[in-house]
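J.: Questions regarding the structure given below will be posed in turn.
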């Protein structure tokens, strides 16, 4: 017996509605911070979850040590057709240093893009709402076959979070 067209339309509508709610929930969540950078980081196809987290944690730690600044991030590990990549929103806070670095806006983002071992684009956020929407959109199955949400430096995220 052929599928009922009305049931299929309802099912498609329900999926679309669910995706829209998920997108808006992620967008609202991400608006809880004053992000300073957006980063798009790639990996070779064979990279597994453990290697991905090890690479990005190492990159964050190097940045903190070299720039003498605390860094926090909410980042999404996305797989598209088996290819892993990261979309990250990042912020920084002075680490009681004497080098006049107050946050990530005082740091050269392009230098940190070049320090990533694969293709990367790291830049200061010029349009806050566009950056948040872009990252929230990439959490959906529409843009990624699979995704995981991760955080770096939860304590700093908790201190800098503001109600949306």
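J.: Arranged by the count of other C-beta atoms within 10 angstrom, fewest first, what order do 90, 63 take?
T.: Lowest count first: 63, 90.
J.: So, one more: Given the rule -39500 (n - 2.57) for each run of at least 4 DSSP H residues, summed and divided by the residues of the chain, what is its mean residue ellipticity at 222 nm, to the nearest 500 deg cm²/dmol? Spell out each step's value before the answer.
T.: Details: 5 runs with 69 residues, N = 164.
Roughly -13500 deg cm²/dmol at 222 nm, from the helical runs in the chain.
J.: So what's Rg/Rh here for the stretch 27-164, counting alpha carbon atoms and using the Kirkwood radius for Rh?
T.: Ratio of gyration radius to Kirkwood radius for the stretch 27-164: 0.95.
J.: Report, in degrees rounded to the nearest 10, the 0 to 90 angle that the Cα long axis of helix 5-30 makes with the longest principal axis of the chain.
T.: 10 degrees
J.: Sort 110, 55, 73 by Cβ crowding within 10 Å, fewest neighbours at the top. Don't jump to the answer; show the numbers that get you there.
T.: On the way: 110 12, 55 17, 73 22.
Result, fewest neighbours first: 110, 55, 73.
J.: Where does the stretch 9-77 land on Rg/Rh, using Cα atoms and the Kirkwood Rh?
T.: Reported Rg/Rh (Cα atoms, Kirkwood Rh): 1.12.
J.: Moving to a separate point now. Quick one: 47, 139, 149, fewest Cβ neighbours within 10 Å first, how do they rank?
T.: 149, 47, 139
J.: Moving on. Using Cα springs under 10 Å in a Gaussian network model of the chain, which residue among 89, 140, 57 shows the largest mean-square fluctuation?
T.: 57
J.: Here's something else I'd like to know. What area, in nm² and to one decimal, does the C-alpha convex hull of the stretch 49-120 cast on average over all directions?
T.: 4.9 nm²
Each reported figure results from applying straightforward, stated rules to the coordinates on display, with no laboratory input. Because the structure is predicted, anything quoted here is derived from the model rather than measured. Glycine gets a Cβ as well: all are built from the backbone with ideal geometry, and neighbour counts include every protein chain shown.
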